[in-house]
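First the structure, in the form of structure tokens, and then the observations on it.
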């Protein structure tokens, strides 16, 4: 797991403390109990703070999984891994 993934896992763990760590990488809004619109906003705010970025409001609805958020961060931060 690279640094980007580790930091993203910390964000997910803060918002979804009951989510087992082995399920973080496959987490998505449709499969995580309690992942509602409030949790989405909270998670994205944490990601913005953790990574020092601003997520475009119009793209937020696309970032409803660990995998999609990780890909977005890699693209936004210019990281290939």
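Read-outs: derived from the displayed coordinates by stated rules, not from any lab. Quantities reported herein were computed from a predicted structural model and do not represent experimental measurements. Positions of Cβ are generated from backbone atoms using ideal geometry, with glycine treated the same way; all protein chains shown enter the neighbour counts.
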* Structure fact -> Exactly one of 65, 21 is under 14 Å from the mean Cα position of the chain (by Cα) and surrounded by fewer than 14 Cβ atoms within 10 Å (Cβ to Cβ), and that one is 21
* Report, by residue number, each residue of region 35-63 that is closer than 17 Å to residue 4 by Cα and touching a residue at least 12 places away in the same chain (Cβ under 8 Å). => 43, 44, 46, 47, 50, 51, 53, 55, 63
